[in-house]
Amino acid sequence: MNSEVSEWINVISKPQEKIGNHAICPFAKLANRFEVIKVEKDIIPPQRDFEVVIFLLGEILQTDLHEKCNELNLKYPEFIFLPDHKDNNTFINGVQTNNGKNNLILCQPKNKLREARKSLNKTNYYSFWDEKYLKDILGDDYANLD
């Protein structure tokens with residue numbers, strides 16, 4: 001499963017013509033300090049510096065995965081937790097963004113993610129997004145878009 005997640009990271013790091021030659025996740029290739037953690041019980045962010053942690057979950061309903069992320073975002077406000085359910089096919093201008101194979105929760109330090117989002121906001125990157133999906137992903141940061 002780790003190889004599937006690593007393969008997905010490679011895919012989302014490559015520039016896509018349909019989204020203005022931006023990568024799905026332009027900073028994924030820079031996140032050289034990411035790790036995949038298989039979750040058996042509780043999800044706890046590491047107590048050390050990291051770019052992104054990908055929690056690999058077993059079978060879980062989409063609604064439960066989203067609820068779990070909401071709970072984690074409240075419990076650990078210095079991080080942002082984003083759901084990626086294998087059956088929730090998501091797209092940016094026709095380019096599939098979800099991994100489609102595993103149920104994941106992505107965890108990133110809020111301050112680092114917000115800085116990346118500010119940089120992207122200075123480009124045309126967000127202009128390719130569907131407004132609903134953009135609101136779902138950006139959450140509170142949506143209000144800060146130009």
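Test Asn103 against the stated conditions and say whether it is more than 18 Å from Phe27 (Cα to Cα) and touching a strand residue (DSSP E or B) at 6+ places or on another chain (Cβ under 6 Å).
For Asn103, the condition - more than 18 Å from Phe27 (Cα to Cα) and touching a strand residue (DSSP E or B) at 6+ places or on another chain (Cβ under 6 Å) - is met.
Say we look at the range 38-60 and pick out the residues that are in contact with a helix residue (DSSP H, G or I) (Cβ under 9 Å, 6 or more places away or on another chain) and farther than 18 Å from Lys112 by Cβ; which of these is surrounded by the most Cβ atoms within 10 Å (Cβ to Cβ)?
Applying the filter and picking the extreme gives Leu57.
What number of residues within the range 119-137 satisfy the criterion of being surrounded by 12 or more Cβ atoms within 10 Å (Cβ to Cβ) and either among the aromatic types (Phe, Trp, Tyr) or more than 17 Å from Ile24 (Cβ to Cβ) (or both)?
Matching residues across the range 119-137 total 6.
What are the residues in the range 117-138 that are among the basic types (Lys, Arg) and either closer than 14 Å to Ala23 by Cβ or in a helix (DSSP H, G or I) (or both), if any?
Listed by number, the residues that qualify are Arg117, Lys118, Lys132, Lys135.
Out of the residues in the range 72-97 that are touching a residue at least 12 places away in the same chain (Cβ under 8 Å) and of a type in the set (A, V, I, L, M), which is farthest from Pro45 (Cα to Cα)?
Per the stated criteria, the residue is Val95.
Which one of these does Gly100 not meet: (1) touching a Lys or Arg at 6+ places or on another chain (Cβ under 9 Å); (2) assigned to a helix (DSSP H, G or I); (3) of a type in the set (Gly, Ala, Ser)?
Result: Gly100 passes all but (2).
Here is a list: Thr63, Thr90. Which entry is over 12 Å from Gln108 (Cβ atoms), under 13 Å from the mean Cα position of the chain (by Cα) and either of a type in the set (Val, Ile, Thr) or surrounded by fewer than 17 Cβ atoms within 10 Å (Cβ to Cβ) (or both)?
Criteria check complete, one pass: Thr90.
Checking Leu113 against (1) assigned to a helix (DSSP H, G or I); (2) touching a strand residue (DSSP E or B) at 6+ places or on another chain (Cβ under 7 Å); (3) exposed (fewer than 12 other Cβ atoms within 10 Å of the Cβ), only one condition comes out false. Which one?
Going through the list (1) assigned to a helix (DSSP H, G or I); (2) touching a strand residue (DSSP E or B) at 6+ places or on another chain (Cβ under 7 Å); (3) exposed (fewer than 12 other Cβ atoms within 10 Å of the Cβ), Leu113 breaks only (3).
Pick from the range 10-28 the residues that are without any contact (Cβ under 8 Å) to a residue 60 or more places away in the chain and in contact with a strand residue (DSSP E or B) (Cβ under 7 Å, 6 or more places away or on another chain): which of them is nearest to Gln108 (Cα to Cα)?
Ser13
Please specify each residue of the range 53-89 satisfying the condition of being under 24 Å from Glu131 (Cα atoms), in contact with a strand residue (DSSP E or B) (Cβ under 7 Å, 6 or more places away or on another chain) and assigned to a loop (DSSP other than H, G, I, E, B).
Those that are under 24 Å from Glu131 (Cα atoms), in contact with a strand residue (DSSP E or B) (Cβ under 7 Å, 6 or more places away or on another chain) and assigned to a loop (DSSP other than H, G, I, E, B): His85, Lys86, Asn89.
Every number here is computed from the coordinates shown, using simple stated rules; none is lab data. As the structure is a computational prediction, the values presented were derived from the model and not from experiment. Don't worry about glycine lacking a Cβ; one is built from the backbone with ideal geometry, like all the others, and counts go over all protein chains shown.
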